[in-house]
Amino acid sequence: MPTGAEGGMTAMIVQFLPIIAIIALFYFLILRPQSQRVKQHQAQIAAIKRGDTVVLSSGTIGKVTRVEDAELNVEIAPSVNVRVVKTMVAEVRNRTVPAANDKG
């Protein structure tokens, strides 16, 4: 026969079980995928090379003409180069890999 203290502990564990399940669900549905996207983006930025086509966070598309440690020179129009911080690159489109939504 359980005493009052044992029954109270079991009731408390059962009461906190839904909260623990919500925290686990939050981690697997939101936090983990976000951290994987951040790692993938950092790998893309680290692999940028001269000649790659990039999309900047402002939506500007250009071709990388020079790569430095923390900055890139991007040609956004003929003879128009801008210096961009690497972290402002939203997407890297290699010249050999066409974009998925291009129609030719």
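Each reported figure results from applying straightforward, stated rules to the coordinates on display, with no laboratory input. Values in this document were obtained by computation on a predicted structure and should not be read as measured data. Methodologically, a virtual Cβ is constructed for each residue, glycine included, from the backbone with ideal geometry; neighbour enumeration extends over all protein chains shown.
Overview of values
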item	result
Added length on full extension, which subtracts the Cα-Cα distance from 0.36 nm per residue, E71 to R93	6.2 nm
FRET efficiency, 1/(1 + (r/R0)^6) with R0 35 Å, evaluated for Q34 and V14 via beta carbons	0.65
